[in-house]
């Protein structure tokens, strides 16, 4: 009788309570094992998030399979129960001879599976990963929306404090104790008579402290970097006009910046290069940096920032372009497979909507719960049952919970369109990655390369670019099926590495 392991997971305690229970998964898998004459020798069960890799039971299962090499089969309910990120996918893909039974999906994946089956499985993993990424993006959009309304969505800086108004709305007001010190810091430094260190020492001696620690050089520098004090704030790299009361004028804020720049002038980035922070030196691990020669030619070379003595030849950008083009031109998917991908997307979309209904119900319940807590807390403060310190400490935390759940609620409502956009991107990549790449901006090209490829390196002579596991089968299938030339066949046989041998001046 074939020996197997069982893996069951829910992504949160809330999800378990909402019907995606572990007992139901285990029952399904055990019934399947009996029908298929399989013997379950070990079970791995967990209820924690799959947003990041490193789950305890998942890791234990991998260790178990590596130690017990005669056991090579995993039983799991469906794809997103086993992994919802590409790192976990690659971890299992690297296990020698492992066979995975996705019982509810009715599929078995192994080394002997057809290239098309592996590709379709990779698409499921990729779409699940994109769903997680999209949720994070939508939450960020919710915070951005609050920012655009003029409300800073984080902890107030020194000189201000977060409070909850009587109407339950969270806001930021001036801290009458610390604000005079902050204002004085700007005024004194603008005279040019103080350094960060001497200014911090002076203010600390006068009683300025933050988080029960005397004023420090680091606190001064952090304060001077923050436009919040002149009535504006930065959020996700963008400047917003705040609703809070400014502590200083814009003139004073920029007078301080000019005084700082008089001592050191920051370097200005004049050019944006496609492959910076993408390609690593295979000898020392540093990223390649770019520079322009003769006013128009772009060359890359190792920075040597880790102390290595890398004396590599300079690498022309056109050689990197050619290597990337060869990879992208090798990606192809037939119309028949496109239809199958669309079918998978529709299936996942239906499952997502089913889960969303459970999730939205839970979110609304949590919003009501924390609003009720806030209302009761306010009444207890009015009645003198609790003091103001206790009220503000707890009301701040609960209001933040409400804000977080409201952002999640909007993210759920807006998720459908973004899910479709992500699906369309995957289809476009599969249909014609090369043309799609050529028509993108530098930023979009970098995003597309990160989607498709897992590793870029340079050994002084060759560029090595590796496709992610999700796209390897479709690359291999396309070129072998269409009788690609010798160079492409070598590319496939050597682990999908594209090399360029002429990289010097």
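What ranking do 463, 367, 218 get, fewest neighbouring Cβ atoms within 10 angstrom at the top?
If I rank by nearby Cβ atoms, fewest first, I get 218, 367, 463.
Please sort 114-123, 37-46, 72-81 by packing, taking for each peptide the average over its residues of neighbouring beta carbons within 10 angstrom, highest first.
72-81, 114-123, 37-46
If you take the beta carbon distance between residue 459 and residue 431 as r and set R0 to 41 Å, what does 1/(1 + (r/R0)^6) give as a FRET efficiency, to the nearest 0.05?
E between residue 459 and residue 431, to the nearest 0.05, is 0.80.
Between residue 187 and residue 217, what is the label-point separation in nm under the 7 Å Cα-to-beta-carbon projection?
It works out to 2.6 nm between the two label points.
What does the extension gain come out to for residue 336 and residue 59, with contour length at 0.36 nm per residue minus their alpha carbon separation?
So the extension gain works out to 96.0 nm.
Starting from the 7 Å offset along Cα-to-Cβ, what nm value, one decimal, do you get for the label separation of residue 43 and residue 69?
3.0
Take each of the peptides 430-440, 279-289, average the number of other beta-carbon atoms within 10 Å over its residues, and list them starting from the highest.
Working: 430-440: 15.5, 279-289: 18.4.
My ranking of the peptides, most packed first, is 279-289, 430-440.
To make sure I understand, if each residue's beta carbon is the centre and we count other beta carbons within 10 Å, what order do 124, 9, 373 fall in, fewest to most?
373, 124, 9
What length, rounded to one decimal in nm, is gained on full extension from residue 389 through to residue 91, with 0.36 nm per residue of separation minus their alpha-carbon distance?
102.3 nm
Which whole-percent values make up P(r) of the stretch 324-406 when all C-alpha to C-alpha distances are grouped in 5 Å steps starting at zero?
Going out from 0 Å in 5 Å bins, the stretch 324-406 shows 3, 12, 13, 11, 10, 8, 7, 6, 7, 7, 5, 5, 4, 3, 1 percent.
No lab work stands behind these numbers, since they all come straight from the coordinates. Keep in mind that this is a model prediction, so the values were computed, not measured. Note that we place each Cβ from the backbone using ideal geometry, even for glycine, and neighbour counts take in every protein chain shown.
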